[in-house]
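Trainee: Here it is: the structure, laid out below.
The values are calculated or read from the model by the stated rules, or taken from the named source; none is laboratory data. Here the structure is a predicted model, which means the values were calculated and not measured. Every residue, glycine as well, gets a Cβ built from its backbone with ideal geometry; the counts of neighbours run over all protein chains shown.
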Amino acid sequence: MGMAGESQFHVLAVDDSIIDRKWIEKLLKTSSFQVTVVDSVSKALEFLGLQKAEQRNHHQETKVNLIITDYSMPGMTGYDLLKKIKESTSLKGIPVVIMSSENIPSRINRCLEEGAEDFFLKPVQLSDVNKLRPHLLGWRTLVEI
Amino acid sequence: MDGVVQLQRQLLDYTTLLFQEGFLNDQFTQLQQLQDETNPDFVVEVVSLFFEDSERLLNELANTLDQQSIDFRKVDSHVHQLKGSSSSIGAQRVQNVCIAFRNFCDAQNTEGCLKCLQQVKNEYALVKNKLETLFQLEQQILAAGGSIPM
């Protein structure tokens, strides 16, 4: 549903819950984002790593403009993903939003201090997703990878 | 067509009742509002995923609580997942039992956990039945050539 000449923002969503993956995908598509959904942090890192290789081959289409991730996941958590992104010279420019079903102030602060762009309480609403665009427009849209 | 109008009224009354009785909350309305012509089965798809996922979790819970030495962290992890998914589709009563369930996990209270397991199984069965009835009503309306009232 993009306008002619305007490319869509590409959001990578990470959640281990199949129901929540379906929900966030729907919200993001309704808000006219291009969406990739994965079920784990390792798959997310794989996707971002592959993206690097493709970029070297001049494929711009898979560029990720924002990552939205669940906090509590088995294996690596959303917080672990956030740290990995912010520690990476090539990926740290990508804004990361954390989602959680638990309203724990210390958790929220920890994420924001680590560089998370925002924190959404689940279930995520369309109004939350609509807040993403300003976050994206505030950043350089050309991320050197 | 009188038949369609009657069915539509039945559907609205039934839905209102489900909300009044606390089976569903506003999150379910959010799901319905995102359904459109490009994805006319969205709500049924999400709810079907919920049914499958819940049944898996309920089985895991029964197994975990059946052990000689109960791993309460595992129990809590399953309940946390069920709480999350029921919250995501607006299954309020299931969600509420999960909250109480997690408190019993924290306290490592076996009896409390077993009671909650029974309760959450009951609430799940109820909401499943109600949602299936709701979807059947919707199908009847569509089959009669009508549209789903919002």
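Trainee: Within the stretch B:7-22, identify whether any single residue is within 12 Å of chain A (Cβ to nearest Cβ) and within 15 Å of the chain's Cα centre (by Cα), and answer yes or no.
Mentor: Within the stretch B:7-22, not a single residue is within 12 Å of chain A (Cβ to nearest Cβ) and within 15 Å of the chain's Cα centre (by Cα).
Trainee: Is it true that some residue in the stretch B:124-135 is among the aliphatic types (A, V, I, L, M), in contact with a helix residue (DSSP H, G or I) (Cβ under 8 Å, 6 or more places away or on another chain) and farther than 21 Å from B:PHE28 by Cβ?
Mentor: No, the stretch B:124-135 contains no residue that is among the aliphatic types (A, V, I, L, M), in contact with a helix residue (DSSP H, G or I) (Cβ under 8 Å, 6 or more places away or on another chain) and farther than 21 Å from B:PHE28 by Cβ.
Trainee: Looking at A:GLU54, A:GLU25, A:GLU114, which is the one that is surrounded by 14 or more Cβ atoms within 10 Å (Cβ to Cβ), modelled with pLDDT of 95 or more and farther than 28 Å from B:ASN39 by Cβ?
Mentor: Exactly one of A:GLU54, A:GLU25, A:GLU114 is surrounded by 14 or more Cβ atoms within 10 Å (Cβ to Cβ), modelled with pLDDT of 95 or more and farther than 28 Å from B:ASN39 by Cβ, namely A:GLU114.
Trainee: Ok, one more. Using the structure shown, decide if B:LYS74 is assigned to a helix (DSSP H, G or I) and over 14 Å from the mean Cα position of the chain (by Cα).
Mentor: yes
Trainee: Checking B:LEU24 against (1) crowded, with 18+ Cβ neighbours inside 10 Å; (2) part of a helix (DSSP H, G or I), which single condition isn't satisfied?
Mentor: Here B:LEU24 meets the rest and fails (2).
Trainee: Under 7 Å between Cβ atoms, which residue pairs at least 6 apart in sequence (or on different chains) link something in the stretch B:25-36 that is more than 8 Å from every other protein chain (Cβ to nearest Cβ) with a partner that is exposed (fewer than 14 other Cβ atoms within 10 Å of the Cβ)?
Mentor: B:GLN32/B:MET150
Trainee: For the stretch B:119-150, give me the residue count where each residue is exposed (fewer than 15 other Cβ atoms within 10 Å of the Cβ) and in a loop (DSSP other than H, G, I, E, B).
Mentor: 5
Trainee: In the stretch B:37-72, which residues are of a type outside the set (A, V, I, L, M, F, W, C), within 9 Å of chain A (Cβ to nearest Cβ) and crowded, with 17+ Cβ neighbours inside 10 Å?
Mentor: B:ASP53
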